[in-house]
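The values are calculated or read from the model by the stated rules, or taken from the named source; none is laboratory data. Source: prediction; values computed, not measured. All Cβ positions, even for glycine, are placed from backbone atoms using ideal geometry, and neighbour counts span all protein chains on display. What goes into the accessible areas is simple: the full protein's heavy atoms, side chains included, and nothing from ligands, DNA or RNA. Shrake-Rupley method; radii C 1.70, N 1.55, O 1.52, S 1.80 Å.
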Amino acid sequence: MKKLVGLIGYPVSHSMSPEMQNAAFQKSGLPFFYEKYEVHPDRLEEAVNDLRTKGFAGWNVTIPHKQAIMPFLDEISEGARKIGAVNTVVNEHGKLVGHNTDGAGFVKGLKRHVHFPIEHANVLIIGAGGASRAIAYALAQAGPKSIVITNRTMEKARDIHNECLRKQDSVMGLEEAEASLSGFQIVINTTSIGMKNDGSTPMDLSLLVPGTVLSDIIYNPFKTVFLQEGEQRGAVIDNGVAMLVLQGALAFEKWTGVQPDVELMEKILLEKLGGNYVNR
Ligand code: ATR
């Protein structure tokens with residue numbers, strides 16, 4: 001019998017997850033089927049109950065439901081609780097458990113580019129929204145020497161520092177971070193600056209040291225101006241494709257207990273985005 005999984009969000013029409021997940025289910029010979037469902041915020045509780053009644057094996061959650069869904073679930077993993085958002089629900093014999101695979105997916109992708117012990121790295125995270133929070137939490141678990149968060153609104157950076165980071169981590173103003181850029185081996189843009197492709201970047205990269213790993217969680221445009229500037233300065237660049245693929249691969253594993261064909265998932269997304277591997 002077919003096992004159902006899917007995505008709930010508002011809107012969801014742009015999502016490439018169905019193609020990516022269904023190809024991986026087929027490749028693994030698993031009887032799962034993934035579909036997207038547009039759920040208006042007013043109907044979220046009803047939709048969760050509906051998915052529960054229909055016996056869905058689990059589902060992904062996207063904007064604007066990642067926080068709002070939490071009260072309707074039976075259990076929240078420690079990570080999702082700290083991050084304050086759920087992107088993956090697993091139906092464990094009728095018990096709905098909320099997880100967050102966004103940060104762990106990002107870190108897995110980042111590690112493809114980090115060819116030195118992560119314990120030696122000083123990491124700079126730019127931005128303090130939901131994506132930053134997930135990444136900060138998962139990165140802290142990976143154990144770099146230090147994590148610094150910078151953001152236009154410092155209060156939000158301080159909140160993430162207090163709730164998701166460790167004693168040796170800190171917050172820094174944008175100008176100070178720009179001036180200290182040579183001290184970071186990994187720099188991550190989690191802001192939406194660059195998405196509009198209007199030439200704006202989150203930070204001046206004049207002091208970037210060649211060989212620094214420069215990551216942007218944006219995947220459309222495929223190579224943001226931030227990454228282009230970093231590449232010109234000799235950075236190892238990483239766009240948002242890996243995070244998108246690997247958060248999905250981790251959700252796949254939670255639903256099925258099996259590891260998917262990540263290369264296939266990535267190939268499908270790259271075809272749809274019309275891009276190429278970045279630094280691989
Ligand atoms: P998400 O949940 O996807 O991470 P978000 O919560 O809207 O998105 O966060 C967006 C991030 O981009 C924030 O860090 C935001 O800075 P503020 O916290 O100061 O708002 C940052 N951001 C977006 N547009 C910006 C801009 N024009 N200049 C500086 N920072 C910007």
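Against the chain, whose longest principal axis comes from its Cα atoms, helix 262-273 is set at around 80 degrees.
Proximity of backbone amide H atoms, modeled 1.01 Å from N, is registered between His65 and Tyr10 at under 5 Å, excluding neighbours fewer than 5 places apart on the same chain. Based on the Stokes-Einstein relation at 10 °C and a viscosity of 1.306 mPa s, and on the Kirkwood radius from alpha carbon pairs, segment 40-111 is assigned a translational diffusion coefficient of 128 µm²/s.
Of all accessible surface on the chain at a 1.4 Å probe, what whole percent is carbon and sulfur?
Roughly 49 percent, rounded to a whole number.
Relative to the longest principal Cα axis of the chain, at what angle does helix 44-53 sit, 0 to 90 degrees, rounded to 10? Approximately 50 degrees, to the nearest 10. More than 21 Å apart: what percent of Cα pairs in segment 113-207 qualify? It works out to 27 percent of all Cα pairs.
Over the C-alpha atoms of the chain, the Rg to Rh ratio, Rh being the Kirkwood estimate, stands at 0.97. Based on Cα contacts under 8 Å between residues 6+ apart, the chain shows a relative contact order of 16 percent. Taking all protein chains together and a 1.4 Å probe, the residues His99, His115, His40 rank His115, His40, His99 from largest to smallest accessible area.
Our summary of shape: the Cα atoms of segment 211-256 have principal axis extents of 42, 21, 8 Å, ordered from largest down, in whole angstrom.
Heavy-atom accessible surface of Arg81, to the nearest 10 Å², is about 150 Å², with a 1.4 Å probe and all protein chains retained.
Given R0 = 25 Å, the distance between the Cβ atoms of Gln67 and Glu35 translates into a calculated FRET efficiency of 0.60. Stretching the chain fully between His120 and Gln232 yields a gain of 37.8 nm (0.36 nm per residue, less the alpha carbon separation).
Only bridges whose two residues both fall in the chain count here: according to DSSP, what percent of them are antiparallel, nearest 5? Antiparallel: roughly 20 percent of the beta bridges in the chain. Considering only Gln168, Val209, Ala128, and ranking their Cα positions along the charge dipole of the chain that arises from unit charges at the beta-carbon of Lys, Arg, Asp and Glu, the one farthest toward the positive end is Gln168. Peptides 220-229, 243-252 ranked from most to least packed give 243-252, 220-229, packing being the mean of other C-beta atoms within 10 angstrom over each peptide's residues. Rolling a 1.4 Å probe across the protein heavy atoms gives the chain an accessible surface of 45 Å² per residue. Across q = 0.13, 0.18, 0.20, 0.22 Å⁻¹, segment 55-162 modelled as identical point scatterers on its alpha-carbon atoms has Debye log10 I(q)/I(0) values of -0.52, -0.89, -1.02, -1.14, in the order of the q list.
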